[in-house]
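Quick notes on the structure that follows.
The values are calculated or read from the model by the stated rules, or taken from the named source; none is laboratory data. Not measured: the values here are computed from a predicted model. Don't worry about glycine lacking a Cβ; one is built from the backbone with ideal geometry, like all the others, and counts go over all protein chains shown. Keep in mind that these areas ignore ligands, DNA and RNA; they rest on the heavy atoms of the full protein, side chains included. Shrake-Rupley method; radii C 1.70, N 1.55, O 1.52, S 1.80 Å.
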Amino acid sequence: MKTDEIRKLFLEFFHSKDHQIVASDSLVPKDDPTLLFTGAGMNQFKEKFLGRNVTYRRAVSSQKCIRTGDLENVGRTPSHHTFFEMLGNFSFGDYFKKEAIFWAWEFFTKTLKIAPEKLWVSVYKDDTEAYVIWKDMIKLPESRIMKFGEKENFWPSEAPTKGPNGPCGPCSEIFYDWGKGTGCGRQSCSPACGCGRFIEVWNLVFTQFDRQSDGSLKPLPTKNIDTGMGLERIASVMQGVKTNFEIDIFSPIVDEVKKMLYLGSAIRGSRTVSRCPNVELRSSKINAIADHIRAVAFAIADGVMPSNEERGYVVRKLIRRALSHANDIGIRKPFLYKLVGIVADVMKAAYPEVKARREEIAQIVKKEEESFLFVIETQLPKVEEAFKALASSKTDKKKLAQTAFNFYDTYGMPYEMLEEVAEKFKLKIDERNFENLLEKQREQSRSKSKIKTEIFTETFAKKVEALGLKTEFLGYEKAHSEAKVVAVLGVGEVILDRTPFYGESGGQVGDWGTIETESGKMEVEDAKRIGETIVHVGKMLKGKILKGEKAKVSIDEKVRKKTAANHTATHLLQAALKKVLGEHVRQTGSLVDNEHLRFDFTHMKKMETREIARVEELVNEAIKKAITVTKKIDDIDTAKRDGAVALFGEKYGEKVRVVSVGDLSKELCGGTHVGNTKEIGLFRITSESSIASGTRRIEAVTGEAAKEWVREREEAERLRLRLEAKNEEAKKAMDMRLKEETEKIDSFLAKADKIGSVKLVSEVIEDVSMDVLRKLSDRIKAKEKSSVIVLATKDDSKVSFIVTITPDLSKEKALNAGELAREFAGLIGGSGGGKPDFAQGGGKDVSKLDKAMEDMREAIKARLK
């Protein structure tokens, strides 16, 4: 049975049991800062498990997940992965253990037709209810029902004794028996044995307790079901293969890696350059490569670009680990990008978006590969040189760890590769010291981006969510309203039952304005949306605002209009970018306020000047056409079918707001917008830059800000032209002065002091630049091969001079222009210096110039005698 069919059967089976089929959420959790990636099917249902926004009681999904906790085991074991799909059925206060167990058994034995005797189960040792259901209702023999402790059969693991506090419960796991021919062969073998005969395929979690701070388990008022079954694992069972890497959605990727390896070996000849002669080890590395490219492709498809921060770092690390594995088996050139198309093809039925973006994803991967291979080529010899030096001297663990960390942090050298080089020189990197340095670096990165105000912290968000308050948003139609104060969280932190204030979300900042009650008035400087609550943040202008009061609420309409213009312009910008650069352009982030807009998007290279100009032109054309901007509420499926663009990673409900600008742009958007494009006025791009591999950023302004920006640029251009003209006039004047003084060279030489065969030319020349002095000196030197030349010029406030000595004198007479310049500068209250044959300097005491020139002549004469 194909993997696609298993996924389809699972979803249809639970749909027949009145479950809502919910599409896989993005790999990037939108509202959970505690997670880097979505790692379980239940992540997108956290709010519903907490009893909030429960629009349906039963759900089923096939969720794409990324986990990196067992990275070292990926490829080595039959079923560890970084990227996988989690099949799951969920109940939010509806059915419980009996239904969950019965339906799991029915799906396995009736739908998939797995022989009942092949299935074993485990239950928590104190969960009599689950045990009785399996034994007396399902009629599973007691010999195939295992009782395990809280480590194996409780979620979270060991929660009763170790925590954390909060919702938890026992679980029941279902195992498939590969048979006595697999594993240890002992008669007593059971799921408790780790020999590989039994594979856990489905975990049914019964969330029924709320762990208290004293360790007690308090029954929850509503009980939930959260199940998870690895799609790849059940596929291996249904396809009769012992590892997930042999199933139909994995084997084409594995086969292609093998093909590349053997093709490379054939090209090089019969001798292989693999560092993995061990067949089992080589196979594990090939499996790991196949796993990692799946995770990379799906992460990039969900908008995560390789970088040195958080999620992007995970993607970069997976690419580099895959390349390190490839290097070990003999592949030493970019190749991962060629696997992206295969990943897209085998997953296209469930995830067509990956296939649609495969070329772009492949380009991003290839660029990352090339970058890393360049790092290896240039830095590996330096690592070896540094470690060799450390090995030859007695060095402490900290110094070795610091050296290794510098290569890791600055150049991206993989830790595993650094370990290999260290072993080559009989060194061992101290992991604790290395981890300390890594954590210190992470802390520095966090501190740079930390927002200190509590209103923006996760703790504050949780406090707001716990209130369970819902703010009705009136801002699409109204700028002013009356409202009731339902909560005051602190000075300048107010929640209303209704408000025209837009709460920051979707890249648009919160509105400004005022809230006034009988007892106080507050200037609102920001508004934050947290779940279904809008928190108004600002400073008190008088008195204080009290809970329960009636309030008059007004937004700053001028600020709102500017923000709306920038937001609509952002939509036009995205449409223009797609038209100019291609359909691969996808929004990865944005910021819209009343002063400017910022738009981050996927594109592999710097935009050309003509491309920027064309994008700007298209947006301004749309503005001049005075197109009506429409907003309507629609079903999510209908909106997407009609071509509405959704922001990747954004969570949408069944009903969505669609913002359309004629036939140019159609996006799912909850932000505020103008009614007609002519309200934007003017659009200007102020910058285009790179913010990450494969991600560009455009910043722009609209309306009066755009006009002001144009005025500033025009004024700057006028100033530049005036300055250039002034400089050109000055250059012509100096050229004329050079010509005039060049004509005097013969007279300079005629009156020069003669010391033996050497001529000392010393002149004060009015109204010339240092450049003229240097050129004049060169021309004198060309005429008089053995000479010392001291030329000075002055204005009302300073003296500038040069000293030139022909090469013969600097060698034979040991004259040094730098020393002479310092001496001269000292006489006029300044500084000077330079090389033995040429030096320059200056001073502020203009009145002493003539005397200084006379003293320098005497000093030079003395040195030449």
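Remarks
- Flag for Val54 being β-branched (Val, Ile, Thr), part of a loop (DSSP other than H, G, I, E, B) and either modelled with pLDDT of 95 or more or farther than 24 Å from Leu467 by Cβ (or both): no
- Filter pass, Ala716 being under 30 Å from Ile612 (Cβ atoms) and in contact with a Lys or Arg (Cβ under 6 Å, 6 or more places away or on another chain): no
- Of the candidates Glu310, Glu280, the single residue that is at pLDDT below 85, surrounded by fewer than 24 Cβ atoms within 10 Å (Cβ to Cβ) and within 20 Å of Gly69 (Cα to Cα) is Glu310.
- Pairs where the first residue, in the range 359-373, is buried (at least 19 other Cβ atoms within 10 Å of the Cβ) and the second is among the aromatic types (Phe, Trp, Tyr) and in a helix (DSSP H, G or I), C-beta under 7 Å, 6+ apart: Ala362/Tyr337; Val365/Tyr337; Glu369/Tyr337
- Scope the range 108-139; condition under 46 Å from the mean Cα position of the chain (by Cα) and within 25 Å of Gly240 (Cβ to Cβ); matching residues: Phe108, Thr109, Lys110, Thr111, Leu112, Lys113, Ile114, Lys118, Leu119, Trp120, Val121, Ser122
- Residue match in the range 784-795 (condition: under 20 Å from Lys861 (Cβ atoms), under 58 Å from the mean Cα position of the chain (by Cα) and without any contact (Cβ under 8 Å) to a residue 40 or more places away in the chain): no
- If you check Thr499, Thr517, Thr533 for being open to solvent by less than 40 Å² (accessible area, probe 1.4 Å) and touching a helix residue (DSSP H, G or I) at 6+ places or on another chain (Cβ under 6 Å), only one passes: Thr533.
- Members of the range 141-152 found to be open to solvent by less than 80 Å² (accessible area, probe 1.4 Å) and touching a helix residue (DSSP H, G or I) at 6+ places or on another chain (Cβ under 9 Å), listed by number: Pro141, Arg144, Ile145, Glu150
- Selection from the range 820-830 of residues that are surrounded by 17 or more Cβ atoms within 10 Å (Cβ to Cβ) and either part of a helix (DSSP H, G or I) or of a type in the set (Phe, Trp, Tyr) (or both): Leu820, Ala821, Arg822, Glu823, Phe824, Ala825, Leu827
- Answer from Asn165, Asn153 - the residue that is under 20 Å from Val123 (Cα atoms) and of a type outside the set (Gly, Ala, Ser): Asn153
- Here the condition is being in contact (Cβ under 8 Å) with a residue 60 or more places away in the chain, within 30 Å of Asp497 (Cβ to Cβ), surrounded by fewer than 18 Cβ atoms within 10 Å (Cβ to Cβ) and not hydrophobic (A, V, I, L, M, F, W, C); of Lys539, Lys544, Lys561, it holds for Lys561 alone.
- Unique residue being within 29 Å of Gly503 (Cβ to Cβ), exposed (fewer than 15 other Cβ atoms within 10 Å of the Cβ) and out of contact with any strand residue (DSSP E or B) (no Cβ under 7 Å at 6 or more places or on another chain) when the list is Asp663, Asp593, Asp637: Asp637
- Pair list, Cβ under 9 Å, 6 or more apart: the range 147-159 residue free of Cβ contacts under 8 Å to residues at least 40 places away in the same chain and closer than 17 Å to Phe175 by Cβ, other residue small (Gly, Ala, Ser) and assigned to a loop (DSSP other than H, G, I, E, B): Lys151/Ser157; Glu152/Ala192
To keep it simple, each residue is scored yes or no on (1) assigned to a helix (DSSP H, G or I); (2) more than 21 Å from Val758 (Cα to Cα); (3) charged (D, E, K, R).
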{"residue": "Leu791", "(1), (2), (3)": "no, no, no"}
{"residue": "Asp796", "(1), (2), (3)": "no, yes, yes"}
{"residue": "Val803", "(1), (2), (3)": "no, no, no"}
{"residue": "Leu809", "(1), (2), (3)": "yes, no, no"}
{"residue": "Gly832", "(1), (2), (3)": "no, yes, no"}
{"residue": "Pro836", "(1), (2), (3)": "no, no, no"}
{"residue": "Ala839", "(1), (2), (3)": "no, no, no"}
{"residue": "Leu849", "(1), (2), (3)": "yes, yes, no"}
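- Subset tally (residues that are open to solvent by less than 10 Å² (accessible area, probe 1.4 Å), touching a strand residue (DSSP E or B) at 6+ places or on another chain (Cβ under 7 Å) and among the small types (Gly, Ala, Ser)) for the range 63-113: 4
- Meets criteria (assigned to a helix (DSSP H, G or I) and farther than 30 Å from Lys317 by Cβ) for Lys139: no
- Residues in the range 155-178 that are over 33 Å from the mean Cα position of the chain (by Cα), open to solvent by 10 Å² or more (accessible area, probe 1.4 Å) and within 19 Å of Ser79 (Cβ to Cβ): Glu173, Phe175, Tyr176, Asp177, Trp178.
- Single residue of Glu435, Glu439 found to be open to solvent by less than 90 Å² (accessible area, probe 1.4 Å), closer than 22 Å to Met413 by Cα and modelled with pLDDT of 55 or more: Glu439
- Qualifying residue in the range 10-21 (condition: in contact with a helix residue (DSSP H, G or I) (Cβ under 7 Å, 6 or more places away or on another chain), open to solvent by 50 Å² or more (accessible area, probe 1.4 Å) and aliphatic (A, V, I, L, M)): yes
- Selection of first residues in the range 99-111 that are without any contact (Cβ under 8 Å) to a residue 40 or more places away in the chain and closer than 16 Å to Ile145 by Cα and of second residues that are of a type outside the set (Gly, Ala, Ser) and not in a helix (DSSP H, G or I), restricted to Cβ pairs under 7 Å at least 6 apart or on distinct chains, gives the following pairs, ordered by first then second residue: Trp105/Ile138.
- Screening the candidates Ala389, Ala322 for the property of being within 29 Å of Phe425 (Cα to Cα), part of a helix (DSSP H, G or I) and free of Cβ contacts under 8 Å to residues at least 24 places away in the same chain yields one hit, Ala389.
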